[in-house]
Amino acid sequence: MNFAVPEECTALISALEKLLMQAEATAAPVDGSRSFFSRDLDSALEDSGFLDAAGLEEFGPMAAAMVVQEISSRPVIVEAAHSSFLRALALPEWPRPVAVLTGKFDQATRFLGVARSVVLLGENEARVCRIEGKDTIATAPFFAYPMARLADPAACLARSEVVADAALVRRLLLVATACELSGILKGALFSVTDYVKNRRQFGRAIGSFQAVQHRLAMCASTIAAGEWLARRAAVSGSLEDAVMAAGYLQESTSRILYDLHQFMGAMGLTLEHPLYRWSYRAKLLLSDLGGASRQLRDVAAITWPETA
Amino acid sequence: MDFSWSGPQSAFRARVVDFLKSELPDDWSEIARHGPGSRQQTDFSLRFCPKLAEAGLLVPHWPKEFGGEGATVWEHFILGEEMWAAGEPRGPQYMNVNWIGPTIMRFGTDEQKELHLPRAAKGQAIWCQGFSEPSAGSDLVSLRTSAERDGDNFVVNGSKIWTSYAGLADHCFLLARTSGKRKDGICIFIVPMDTPGISVRPIPSLVGEGDIHEVFFNDVTVPASAMLGEEGKAWSIITYSLGNERVGIPRYEFSRRTLDALVARLKEEGRWNDEYIRYRAGQALSACEAARLLVYRVVDERSRGAPPSAESSLARFAVITADHAVSNFGLEFLPASYSNDDIPSLKPHHERAIASGIASGAAEIQLGIVAQSYLELPWEPRA
Ligand SMILES: Cc1cc2nc3c(=O)[nH]c(=O)nc-3n(C[C@H](O)[C@H](O)[C@H](O)COP(=O)(O)OP(=O)(O)OC[C@H]3O[C@@H](n4cnc5c(N)ncnc54)[C@H](O)[C@@H]3O)c2cc1C
C-alpha cells in the first residue's frame, strides 16, 4: 500500500497544469452558449502526448487517472477521458477525439460532433467506426458538452469493425467516467468554495455560515473518496473497483450538485459564471453506462456472487 | 502508487488471522454479542490480550524497548482491521495500545513509563478516558473538574460522564483543571480507579450494557507525580493523542464484515435476487470502501511521518457514513435478525453505528475542521 504520487506523475501533472492555465488565460470569454468545446486545447493535449499516459511504461493508468482528473477539474471542455483510457489502452490506432454510444446507437452523445472515432458498445461486442462531422447532427445544447447524434446509425454500424472485448471496453469506460466525474466535482467544489469566501451577506462571508460549511464539507469528503476510488480502479484493473468507483460517484452527484448550485444563489444559474461547465457535464455523466442503479447492483453481484 | 498489500504486509495479516482462528474460543461469538464496550468483552480482554502479547501481536508497533517489535504504521493498522473484523476481542485495550501507551512513552516520566507501559504491553491494563463532563462535551475546553495543589499532592473534585469501561478500569487518563485559564489550565493525571473518593455509576443506554458511566471525584488525593506532561500543557498532549485516535479505529472493516453477514443471510432467505436489495447493498459496500480509502490515505501520511491534518476528519466523516449505511441496510431488510439475534455482529454493530457520529468528537465537529482547514472557509463571522 503506497499512496505517494510518483515523481514522474507529479512532473507530468505540473506540466499539464501549465498548459491548462495558458489555455484558460487565452480561452474565449464565456460567450453565452451553453455547450462548449475547447478545440485548440484538445489538439494541444493530443499533440503533447498527455492523453497517451496510460499506455506508456513510465506513466501508466495512475498517471492517466490524474491527467483526466486534472483536466476535468477545469472549466474547459475537451475529450480527455475516453482517449486516456479507452484509446490509450485498447484502441491506440484509432484517431481521436473518441465518442461512445452504448445501447441505442441513434441517441445523442457527447463529443460525437467533433469525434473522429465512435465506439459502439453493445452487451457482447464493441465496434469502432471512423467518423467526420458530416456523419453527425448537432443536438440542442442542454448539457455543457457538445452533443450530437449519428445521421445514419445503420450505415455507421455497417462500416464499423469489432475491435475489442466488450467487457474490457466497458471497464475502461467506467474508469474513464469515474475519473472524469471526480475531477468535475472537485473543480466545481473549489469554484463554489472560492465564491462563498468572497460573497458577503448579512455583513459576513456566506462561507462562514455553518449550514454552508457543513454541507460543503460533506461534499468534500465524498469527492475525496470518489477521487481515490477512481484512482484505485484505474490502477487495479478490476471490474469490481471500476463499477464501485463509477457507482459511488454517480450515486453522490445529484446531492453534491444541489448544494453547489444552492450556495451560488442566482449567480450559479447564469452563463457568466462557469459553474454550469462543471455541473452540466456532471448531469450527463449521471447516466453513463447505466448509472448508479446498474453500477451498484453490479458491484453487489460481483462481490457476493449468487453461487458463493 | 500501489493499492495492493506488499508481501510482508500480507504475511503479517495472515499471522493475525491465524492467531485469531486458533485463539478465539468457541464461545467468542456469544461474548462478542455484548459489544466491544461491554463488561463481558472487557473481562475477556484480560484473558485474550496476554496471549496476543505473547505472540507479539498486542503492541508490535511499539519500540522494542517498550515491548514492541518496531512494526510499521501499516502493520499496526492491519492488526486493527482484523481485530475489528472479529468484533474487537481486545475490548478497551485497543486504547492502551493505540494512544495511551504512545502518549505515556512520549510525555511520561521514567517512573510513569515503568509503572504503566509493561502492564499495558502484557495485556493486563484496563484504562478509561476521563475527558467529557456534563457541561463539557464537544466544547471540552470548558471542563470544570478541578485539581487543587496541596503540598506534593493534588485534590481532585468534579465528575466525568460517558466514560467507557470505567466500571472495570484500573486507571483513568483524567483531564482536570489546575487553574481557571481555558486551555492552559488543563492537566492530565494518571489516576488509579481504586483511589478513595472515586465512585462509578453505569448509565443504562442504547450502546450496550455497562458501556458508559458517570465517574465522580470527591476529594480524591492524587500525588503530583501522577501528572502526565508539564502543568498546563495538556492541550497539546491531548491534540497529539486525539490526532492518533481520530482515525485510529478501522470500524469500516466491522461494517464491511457485518454487511457480508447480512448478505449471506439474505441469500439463505432466497432474497438475493431482489434488484433493489442488491442496489442498496452496493450503496453500503461503496460507502465502506470510500471510508477505507480515505482512512488508508491518512495511514499512508502517518507512515511518512506527516503531522495529523484535516484529512483525518474527511476520513472520519466517511467512516460514520459507512457505519450508518450498513446499519440502515440491516434495519430495512433484516429487522427480524435484530430480535432473533441470529447474526452475532448485528447488535454490536448497530450500537457502534448509532454512537459513531458522536463518540470521539461529533460529526459536526469533524465537518467544521474540514470546512476550516481543508476548504479554508472563514471560521469566524467577519463584520
Ligand atoms: C458510546 C460513547 C462512548 C464515549 N466514551 C467516552 C469516554 O470513554 N470518555 C470520554 O471522555 N467521553 C466519551 N464519550 C463522550 C463523547 O466524547 C462526547 O459524547 C462527544 O464529545 C460529544 O459531546 P456531547 O455528547 O456532550 O454532545 P454535545 O457537545 O452536547 O453536542 C450535541 C450535538 O450538538 C452538535 N454540536 C455540538 N457542538 C457543535 C458545534 N460547534 N457545531 C455544530 N454542531 C455542534 C453535534 O451534533 C453534537 O452531537 C463517549 C460518547 C459515546 C456516545
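The values are calculated or read from the model by the stated rules, or taken from the named source; none is laboratory data. Nothing here was measured: the structure is a model prediction, and the numbers come from that model. Here the Cβ positions follow ideal geometry from the backbone for every residue, glycine too, while neighbour counts run over all protein chains shown. Protein only, heavy atoms only, side chains kept; ligands, DNA and RNA dropped before computing areas. Shrake-Rupley method; radii C 1.70, N 1.55, O 1.52, S 1.80 Å.
Based on DSSP, what percent of beta bridges with both residues in chain A are antiparallel, to the nearest 5? Please report the intermediate quantities before stating the final value.
Working: 16 of 21 bridges.
Antiparallel: roughly 75 percent of the beta bridges in chain A.
Summing charges over all other residues whose Cβ lies under 15 Å from the Cβ of residue B:133, with Lys and Arg as +1 and Asp and Glu as -1, gives +3. To put it simply, the accessible area of chain B at a 1.4 Å probe is 51 percent carbon and sulfur. Check the straight Cα-Cα distances from residue B:122 and name the lysines below 24 Å, setting aside those fewer than 8 residues away within the same chain. Hits, sequence-local ones excluded: B:21, B:51, B:64, B:113.
Is any residue of segment A:264-300 close enough, with backbone N under 18 Å, to a label point placed 7 angstrom from the Cα of residue A:202 along the Cα-Cβ axis, and if so, which? Label zone hits: A:264-266.
Residue-wise HN-Hα couplings along segment B:100-115, as the Karplus relation 6.51 cos²θ - 1.76 cosθ + 1.60 with θ = phi - 60° gives them from phi, are 5, x, x, 5, 5, 4, 7, 10, x, 7, 4, 4, 5, 4, 5, 6 Hz; Gly and Pro carry x. Taking every C-alpha pair closer than 8 Å and separated by at least 6 residues, the mean separation divided by the residue count of segment A:166-307 gives a relative contact order of 32 percent.
A simple packing score, the average count of other Cβ atoms within 10 Å per residue, orders the peptides B:320-328, B:200-208 as B:320-328, B:200-208, with the highest score first. When the trypsin sites (Lys or Arg not before Pro) in segment B:35-75 are filtered for DSSP coil states and for at most 10 other beta-carbon atoms within 10 Å of their beta-carbon, no site remains.
Over segment B:128-233, what is the mean sequence separation of C-alpha contacts under 8 Å (at least six apart), divided by residue count, expressed as relative contact order in percent? Present the calculation step by step, with values, prior to reporting the outcome.
Working: 252 pairs, mean separation 31.9, N = 106.
Over segment B:128-233, the number comes to 30 percent.
Mean sequence separation of contacting Cα pairs (under 8 Å, at least six apart), scaled by the length of chain A, corresponds to a relative contact order of 17 percent.
Kindly provide the helix-only [θ] at 222 nm of chain B, computed as the sum of -39,500 (n - 2.57) over DSSP H runs of four or more divided by all residues, to the nearest 500 deg cm²/dmol?
Numbers: 13 runs with 177 residues, N = 383.
It lands at -15000 deg cm²/dmol.
Rg to Rh for the protein assembly as shown: what is it, with Cα atoms only and Rh by Kirkwood?
Details: Rg = 27.8 Å, Rh = 27.3 Å.
Radius of gyration relative to Kirkwood radius: 1.02.
Could you compute how much accessible area chains A and B hide from each other, both sides summed, with a 1.4 Å probe? Nearest 100 Å² is fine. Provide the component values of the computation, followed by the final result.
Working: alone 14260 and 17660 Å², together 27470 Å².
So the buried area, both faces added, is about 4400 Å².
A Förster radius of 51 Å combined with the Cβ-Cβ distance from residue A:18 to residue B:141 puts the calculated FRET efficiency at roughly 0.65. In this simple spin-label approximation, residue A:168 and residue B:109 carry label points 7 Å from Cα along the Cα→Cβ vector, and these lie 7.0 nm apart. In a DSSP loop and with at most 14 other Cβ atoms within 10 Å, there are no chymotrypsin sites (Phe, Trp or Tyr not before Pro) in segment B:46-108.
Trypsin sites (Lys or Arg not before Pro), restricted to segment B:293-383: which are DSSP loop and have at most 12 other Cβ atoms within 10 Å?
Numbers: sites: B:297, B:302, B:304, B:316, B:352, B:382; in loops: B:304, B:382.
Listed in order of number, the matching sites are B:304, B:382.
Listed by chain and number, the aspartates and glutamates placed with their C-alpha closer than 18 angstrom to that of residue A:134 are A:106, A:152; residues fewer than eight positions away on the same chain are left out. Comparing each chain alone with all protein chains together (probe 1.4 Å, DNA, RNA and ligands left out), the residues of segment B:1-30 losing at least 40 Å² of accessible area are B:1, B:2, B:3.
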